[in-house]
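Have a look at the structure below, then the notes.
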Amino acid sequence: EYVIEFGGETVDHSGNPIRLFPEATLSARWLARFGPITSNLRLYHVGKQYLDSTGLDERTIDAWTTVDLALFGDLGRLVGPSLEGMQAFLRLNNLFDEEYETWGYYYGENNYIPGVPRHYTAGMNLAF
């Protein structure tokens, strides 16, 4: 790599971490049914990521973890047979409002793209 900040010399990054490649990722999900209600709890973890190929710890995105919760209700069983095949849902993403960065780059300083704060989605599914 030809790097201007190191005096315009060629720098060998062999053995250094790959840029924006997390040290670890984990996605775990727990599903539970309570009669006509189904819940889905998801834990998502992304390990530390480097913003460039230098391997310097000050050029990283910190590890982060979010928790999402989804609830689904079978309206046919909750309300009555006239709503058979309809399902209402509510999704709460980033339940604990974790502040984190999802992506970034180094160009003289660390530049980050923030993750989405707590947000929700509500809707209905219809099966024919």
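The values are calculated or read from the model by the stated rules, or taken from the named source; none is laboratory data. Please read all numbers here as calculations on a predicted model, not as lab measurements. Note: ideal-geometry Cβ built from the backbone for every residue, glycine included; neighbour counts use all protein chains shown. Keep in mind that these areas ignore ligands, DNA and RNA; they rest on the heavy atoms of the full protein, side chains included. Shrake-Rupley method; radii C 1.70, N 1.55, O 1.52, S 1.80 Å.
Reported count of residues in the stretch 66-102, each being exposed (fewer than 14 other Cβ atoms within 10 Å of the Cβ) and out of contact with any Pro (no Cβ under 9 Å at 6 or more places or on another chain), is 7. Filtering the stretch 103-128 to residues that are closer than 30 Å to P81 by Cβ and open to solvent by 90 Å² or more (accessible area, probe 1.4 Å) leaves Y120, M124, L126, F128. Annotation note: of F96, F89, the sole residue that is within 24 Å of the chain's Cα centre (by Cα) and over 18 Å from H45 (Cα atoms) is F89. Screening the candidates L71, L43, L31, L56 for the property of being modelled with pLDDT of 95 or more, under 23 Å from P114 (Cβ atoms) and not hydroxyl-bearing (S, T, Y) yields one hit, L43.
Which of the residues that make up the stretch 21-64 are closer than 18 Å to R91 by Cβ, open to solvent by 20 Å² or more (accessible area, probe 1.4 Å) and either of a type in the set (A, V, I, L, M, F, W, C) or touching a residue at least 24 places away in the same chain (Cβ under 8 Å) (or both)?
Scanning the stretch 21-64 gives A28, W30, L31, F34, P36, I37, T38, N40, L41, R42, L43, Y44.
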